[in-house]
1. Could you check ALA235 against (1) loosely packed, with under 13 Cβ neighbours inside 10 Å; (2) at pLDDT below 85 and say which number it fails?
2. What are the residue pairs meeting all of these: first residue in the stretch 25-52, first residue among the aromatic types (Phe, Trp, Tyr), second residue modelled with pLDDT of 70 or more, Cβ atoms under 9 Å, and 6 or more apart or on different chains?
3. Any residue at all in the stretch 110-131 that is at pLDDT 85 or above and farther than 29 Å from LEU177 by Cβ?
4. Go through the stretch 219-246 and report how many residues are of a type in the set (A, V, I, L, M, F, W, C) and within 19 Å of the chain's Cα centre (by Cα).
5. Given the residues VAL129, VAL145, VAL122, VAL168, which is the only one that is within 16 Å of VAL75 (Cα to Cα), surrounded by fewer than 21 Cβ atoms within 10 Å (Cβ to Cβ) and in contact (Cβ under 8 Å) with a residue 12 or more places away in the chain?
6. Go through (1) modelled with pLDDT of 65 or more; (2) closer than 30 Å to PHE159 by Cβ one by one and return the number of the condition GLY97 breaks.
7. Hey, among ALA144, ALA140, which residue is of a type in the set (A, V, I, L, M), under 27 Å from GLY84 (Cβ atoms) and more than 32 Å from the chain's Cα centre (by Cα)?
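The values are calculated or read from the model by the stated rules, or taken from the named source; none is laboratory data. Please read all numbers here as calculations on a predicted model, not as lab measurements. Ideal geometry is used to build each Cβ from the backbone, glycine not excepted, and the neighbour counts take in all protein chains shown.
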Amino acid sequence: MLRFLQLAGEAVANTYRAVADWVSAALGGSSDPTAWTATAWSAAGLVLLLVVLVCLLVVAARRRRRRGLVPEMMVSHGEVMLVGESGDGAAAGNGLGARLQAPADGKFLLKLALSNLNPYPVQLLELAVRAARGGLPVVAEAGAVVPPNGAVDVAADLFGLPGDDGVVELYLYTNKLTARTFRLSAPLEWEPWARRYRVKALEGRTEVARTLASEDRRRFEGLEYARERRREKRAAFARVARERAEGLRRQVDGYRATRAERDRPAAAHRPASGGAPTVNGAQTALDDPVPPPAAGPAPGSQVPQDVPAKSGLRFPDEF
């Protein structure tokens, strides 16, 4: 590896010396421009011309490649006018501060002219308005075919536009390019004196779009629906568990009440004091009385021997 690096360094040095010698010979052997001959000046001008020509070709190729990736589209005369407000918004819109802000629940009308600067037609799929800070877009269906080198007028009703600034997005389709779906975006600016949004057409740009705004909104709504379903399932499970716990508690309470009712008559016959119970004025012994211990034999007496039992069967006299 070290030997390879040494050979590569020597090759670069030899190439530099060869180029330097050639340039020095072409310039008449001097690096001072005042001593250059006409041939040297001609060679320097030719090299400079070649460098400029190569730079122009690279720039043109990049522009051609960029134009070939996305269609040339433009929005003109774009505005989003306020045409109506809700009752709460109209009641709150009497003050100067409220009129300087865009109503959050108003009804708007979008009007713009979409120009196609390409030699092929372009299909307009839909348009959307998205807040500058992000969030869920407001989508409106808009179907129109823009002819080659032509323009169409687009109008759509919008509701609940977010904030004082945002972005209007137009989704386009064409089968003349490698990518098929594109998004033309232009910023919006709220004009309180005119009560409208103005579309900044000169700041618009076209880029490749992987998905439509309606698909993004549908995906978000699907996720919200799934999240709500999971929340409802958890609430139903918790409700069933709570009902089961309440049922078990009621069963335990019922069992305790039944046992208390069953033990109440027995508790009523027990005396309040520690004395023995009485029946017909006579004192009786408690249940299962403990017999007194038997007295042992008297001292000096003889213990009788056990009499062996008689064998055989004994029958009663009145059998």
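1. (2)
2. Pairs that qualify, where the first residue is among the aromatic types (Phe, Trp, Tyr) and the partner is modelled with pLDDT of 70 or more, are TRP36/ALA44.
3. No: the stretch 110-131 contains no residue that is at pLDDT 85 or above and farther than 29 Å from LEU177 by Cβ.
4. Start the filter on the stretch 219-246 by keeping residues that are of a type in the set (A, V, I, L, M, F, W, C), which leaves 220, 223, 226, 235-238, 240-241, 245.
With within 19 Å of the chain's Cα centre (by Cα) added as a condition, the list becomes 220, 223, 226.
The total comes to 3.
5. On the way: VAL129 fails: surrounded by fewer than 21 Cβ atoms within 10 Å (Cβ to Cβ); VAL122 fails: surrounded by fewer than 21 Cβ atoms within 10 Å (Cβ to Cβ); VAL168 fails: surrounded by fewer than 21 Cβ atoms within 10 Å (Cβ to Cβ).
Going through VAL129, VAL145, VAL122, VAL168 in turn, just one is within 16 Å of VAL75 (Cα to Cα), surrounded by fewer than 21 Cβ atoms within 10 Å (Cβ to Cβ) and in contact (Cβ under 8 Å) with a residue 12 or more places away in the chain: VAL145.
6. Among (1) modelled with pLDDT of 65 or more; (2) closer than 30 Å to PHE159 by Cβ, GLY97 violates only (1).
7. Working: ALA140 fails: more than 32 Å from the chain's Cα centre (by Cα).
Of the residues listed, the single one that is of a type in the set (A, V, I, L, M), under 27 Å from GLY84 (Cβ atoms) and more than 32 Å from the chain's Cα centre (by Cα) is ALA144.
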